[in-house]
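Note sheet for the following structure.
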Amino acid sequence: MLPPPYSRQEQGIPFRPSVSRMAIPASEFLYTTSPPIDDMYGGVELHKGIEGLILGPMIILAIGGLLGVAGYNVEADPGYYYPGYSEYKSWGCAGVSGSVLVTNPAPVSGSGDAHCMLIGFSNFDFFAIGWVEGQTPWGSTGTAQRFYWDAVCWGIYQGALLTTATVNTWHTFKLNYILGSLNTWTCYLDGVAKKTLQFTNRVGVPVSQFEVHDNEDVISGHVKTLQYALASGRIIRWYAWDGYGVTDSDPPYQMTIISNTEWTCAGP
């Protein structure tokens, strides 16, 4: 997310984690048969055997190691710091939602800090919506906070700044698959659709993360009411995160898990 010029943006790589606190074997994430949900997922496969891909700037969490979620593998990427939390479901999820507090980080010159909800796909695409302060691929926000969305869609990075975000206010970021569509997803800010894109997958890995581009940046973050979605019949059903996933943070940043659906981060 928000990859600067020195990132792996040109490789179409979104997020990057570090060392998993709850390491789940990569094989557990490689789903290769129709998931036990319903006909909406029938025939969906999450590309078994994908190796060595990284979620450049975006979430799932780990530090220093290689780990995978639904075929979506992650490895360390020096220069990024990711307090974050992902929810694992072997059959994949059709959406993610969370309430995120807009805080007031202190990014150093040329840096940018962002807090987002995102969906990561097994072909290394991703879709995210959140808030950001500092330098972005679309210009600087200065000392203000702005909402934004970004994505790697079919291997191409894109995104945009949205309206100003007020510090110390809570906002709901949501992304979900559009039932009956051909892998179409929409992201929402407080219930209002902001961008719709067509991806190669209708299921993915839900993630909540704070992205920091310089370890001198002072940050604080708070996320609650985390939910994931499953397509069931002709509707999408939402469920509270149950804590089965991956969570971690890169030093000098620390995260605190308050419950399965709420976490905070701070540092250095």
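The values are calculated or read from the model by the stated rules, or taken from the named source; none is laboratory data. Small disclaimer: the values here were computed from a predicted structure and weren't measured. Cβ sites come from the backbone with ideal geometry, for glycine too, and all protein chains shown count toward neighbours.
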For this session: Specify the residue that is modelled with the highest pLDDT; the eligible residues are those in segment 68-79 that are surrounded by fewer than 24 Cβ atoms within 10 Å (Cβ to Cβ) and within 22 Å of Tyr253 (Cβ to Cβ).
Result: Gly79
For this session: Inspect all residues belonging to segment 209-223 and state whether any of them is within 17 Å of the chain's Cα centre (by Cα), assigned to a strand (DSSP E or B) and of a type in the set (Ser, Thr, Tyr).
Result: no
Seminar exercise, completed: Checked segment 80-110 for anything surrounded by fewer than 20 Cβ atoms within 10 Å (Cβ to Cβ) and within 24 Å of Gly267 (Cβ to Cβ); matches are Ser99, Leu101, Asn104, Ala106, Val108, Ser109, Gly110
Exercise. Any idea which of (1) of a type outside the set (A, V, I, L, M, F, W, C); (2) at pLDDT below 90; (3) part of a loop (DSSP other than H, G, I, E, B) is the one Arg202 doesn't satisfy?
Worked result: (2)
Problem set entry | Total residues in segment 224-268, condition surrounded by fewer than 16 Cβ atoms within 10 Å (Cβ to Cβ) and not in a strand (DSSP E or B) | 9
Exercise. Only one of these conditions is not met by Ala231: (1) more than 25 Å from Tyr157 (Cα to Cα); (2) within 16 Å of the chain's Cα centre (by Cα). Which number is it?
Worked result: (2)
